[in-house]
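Just below is one structure, and these are the notes that go with it.
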Amino acid sequence: QRRVRIVHPYPYTFATFAKHRWLGRSLIDVYHDEFGSYPRSYYEAAIKAGRILVSGKRVTCDYSIKQGDELTHTVHRHEPAVGLSDLSSSTTSAAEKEVKTPPIEIVYEDDTILVVDKPASMPIHACGAYNYNTLLEVLAHWKPESYGTGKLFTVHRLDKLTSGLILIAKSSSLASSLGKCILERDGCEKVYLARVKGRFFDMLHNANHPWRMKYWTSHKIEEGVRTEESVERQSKQQKLATVPPVSHGEIAEHDKYNISGGIQVELPILKKKGKKQADKASVNQSACIAALGFWVTDCHGSLVENATIQDFTKQCDDMTTTEIIDHAVGSHDTEKLYEHADSAKRSIHWLHFACPCRISSHKNGVCEAGDFSAKSEDELEGTKPAQTAFTLLSYDETSDTSLLLVKPDTGRMHQIRLHLQMLGHPIANDHCYGGDLWFGDDEGQQACRKSREWLNRLDKGSNDSDLTISNAPATDEEIYQVVANKSREDGESMDDFIVKTCVWCARCRGVDDINSLDGSTEAKRRNEEAVFRRTLMEYLVRSQGIWLHALQYSLRVNDDKGSRIAKYRTALPSWVHDTIVKSNE
């Protein structure tokens, strides 16, 4: 049973100091050109009403921005809903479940660190439309004495749509130390679960796939040659195929000629600013060579030259998902040992995939991966090498999906999602990168359809005016109806005035009741109910998370016990079944 957290809208002031490019421009032009949530008519009304101020003072729309000006804009802030941890199944009463189940599942906690299982759909910290509906704020609201402001410090990030393990330090010094460990990959290993489309890995059907990579080395062998008088020892060179020397998605300059298969993408040196960045850039003066290709290794790290799909499927036979995970990345229970007569069951194959990634739209948070070898140097700016390893846990023929264990070697934005899309096996319900939003979730799809119909009726009204649609920017018509033709009454507080002229509240009430908020207690109550309903409906039409889960984190910890590797693991997510796998191969 999934719980949803909805925050009541609240007055909020956005503040920023004047940027250099704004100097000399009019206030109305800056707000209209730089911020896209409202049309020009809204900003004109907001400036006249005093919701937009300059250094705390009311000004006109044509005010010329000066150096040192502070621009503030007070709004009625609406946040999207987020999911919380599932309700506990250990109690029967709904009230008992709500009380006993924490909003966030705690995996481990001591005096120095907090490890939690983040629900999908929830960002870690404030960003974009999210301010209070974040992991840190939910924890702070739940236990302010332990997790309140200034008591928790994030160590790493995790995408909003991804669920799973998050490390949170209880001091800034530990957060810095652990962050450095992750950055330098000092004993650090991240392990994810992913459920993808198709039987992994289709490209193995093609033994001559152009992305298959090998590294050729010369090996000296001795042969005995018999002559009439004696046996002479002669040496000759033999070429051997080994694992490509690709490290963190990069190929060293001296190795590039001995690699066959794959694509090599020469990336320019990253343009860096500032003294510290310049010092870092000077360490590596040569351009980086990013690899695009794949290779397969066995449990010992040796190249499996002609690996097939069967090599992956047979490793799953007669073991549960947890057992295969323990063989692949080590048991979470250090006392647990596995004894199988068939040593082949211990042989876990890994498919390693290197492919450069880049952020294609910072504003929209969209990334891409691929063959960028034909791009110009300017177009390649921001492109970085990336590498990920995958192994198969199970294949479900009914849904035609594969469950994978994933180890990212680098930490690029959306890297796992991008690499799986490139391999032809996107995360099944990742609609941003090749999946289907409601894959395998008929109930979710039905709830989405009904919610969308409800939102459309609300937006169009009885006159079928088609005023707007959910999540669209405010329109001039809405601004005229809600904001421009309303003035602040005598004795009315700014907060009440902001609620009365809130476009998003009006959108929640719908076209037919757009002007129904008259200041009465009953009208306010109906407005709150309308906001609650719409926020929930909009949650039901959006992605509530993808089948990608941060399962395990291992990293080096230095404490009074000395230097050691600490390992943390969450429970399996609901879309993973810990059953014994029977292969059909």
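The values are calculated or read from the model by the stated rules, or taken from the named source; none is laboratory data. Fair warning: this is a prediction, and the values are worked out from it, not measured in the lab. Neighbour counts run over all protein chains shown; Cβ positions are idealised from the backbone, glycine included. Remember, those area values only see protein heavy atoms, side chains included, never the ligands or the DNA or RNA. Shrake-Rupley method; radii C 1.70, N 1.55, O 1.52, S 1.80 Å.
What do you reckon, is residue 150 assigned to a loop (DSSP other than H, G, I, E, B) and either out of contact with any helix residue (DSSP H, G or I) (no Cβ under 6 Å at 6 or more places or on another chain) or open to solvent by 50 Å² or more (accessible area, probe 1.4 Å) (or both)?
Working: assigned to a loop (DSSP other than H, G, I, E, B): yes; either out of contact with any helix residue (DSSP H, G or I) (no Cβ under 6 Å at 6 or more places or on another chain) or open to solvent by 50 Å² or more (accessible area, probe 1.4 Å) (or both): yes.
Spelling it out, residue 150 is indeed assigned to a loop (DSSP other than H, G, I, E, B) and either out of contact with any helix residue (DSSP H, G or I) (no Cβ under 6 Å at 6 or more places or on another chain) or open to solvent by 50 Å² or more (accessible area, probe 1.4 Å) (or both).
Give the residue that is farthest from the chain's Cα centre (by Cα), with candidates limited to residues of the range 556-577 that are more than 17 Å from residue 326 (Cβ to Cβ) and among the polar types (S, T, N, Q).
563
Out of 91, 60, 72, 112, which single residue is modelled with pLDDT under 90 and either hydrophobic (A, V, I, L, M, F, W, C) or over 20 Å from the mean Cα position of the chain (by Cα) (or both)? Talk me through it step by step, then tell me what you get.
Working: 60 fails: modelled with pLDDT under 90; 72 fails: modelled with pLDDT under 90; 112 fails: modelled with pLDDT under 90.
When all the criteria are applied, what remains is 91.
Between a residue in the range 254-267 that is farther than 9 Å from residue 215 by Cα and any residue that is open to solvent by 30 Å² or more (accessible area, probe 1.4 Å) and assigned to a helix (DSSP H, G or I), which pairs come within a Cβ distance under 9 Å, given they are 6 or more apart or on different chains?
Between residues of the range 254-267 that are farther than 9 Å from residue 215 by Cα and residues that are open to solvent by 30 Å² or more (accessible area, probe 1.4 Å) and assigned to a helix (DSSP H, G or I), the close pairs are 264/256.
Sort through 510, 491, 562, 545 and tell me the only one that's modelled with pLDDT of 80 or more, out of contact with any Phe, Trp or Tyr (no Cβ under 6 Å at 6 or more places or on another chain) and surrounded by fewer than 18 Cβ atoms within 10 Å (Cβ to Cβ).
Details: 510 fails: surrounded by fewer than 18 Cβ atoms within 10 Å (Cβ to Cβ); 562 fails: modelled with pLDDT of 80 or more; 545 fails: surrounded by fewer than 18 Cβ atoms within 10 Å (Cβ to Cβ).
Unique residue meeting the criteria: 491.
Restricting attention to the range 412-443, which residues are in contact with a helix residue (DSSP H, G or I) (Cβ under 8 Å, 6 or more places away or on another chain), assigned to a helix (DSSP H, G or I) and either open to solvent by 70 Å² or more (accessible area, probe 1.4 Å) or of a type outside the set (Lys, Arg) (or both)?
Result: 418, 420, 421, 432, 433.
Take the residues in the range 206-222 that are among the hydroxyl-bearing types (Ser, Thr, Tyr) and modelled with pLDDT under 80, then tell me which one is surrounded by the most Cβ atoms within 10 Å (Cβ to Cβ).
We begin by selecting, within the range 206-222, every residue among the hydroxyl-bearing types (Ser, Thr, Tyr); these are 215, 217-218.
Applying the additional criterion that residues be modelled with pLDDT under 80 yields 217-218.
Numbers: 217: 13, 218: 10.
Among them, the one singled out is 217.
Consider the range 169-185. How many of its residues are closer than 15 Å to residue 410 by Cβ and loosely packed, with under 12 Cβ neighbours inside 10 Å?
As a first pass, look at the range 169-185 and keep what is closer than 15 Å to residue 410 by Cβ: 182-185.
Pick out the ones that are also loosely packed, with under 12 Cβ neighbours inside 10 Å and you get 183-184.
Count: 2.
Do we have residue 525 as over 20 Å from residue 460 (Cβ atoms) and open to solvent by 20 Å² or more (accessible area, probe 1.4 Å) here?
Values: over 20 Å from residue 460 (Cβ atoms): yes; open to solvent by 20 Å² or more (accessible area, probe 1.4 Å): yes.
Against the criterion (over 20 Å from residue 460 (Cβ atoms) and open to solvent by 20 Å² or more (accessible area, probe 1.4 Å)), residue 525 qualifies.
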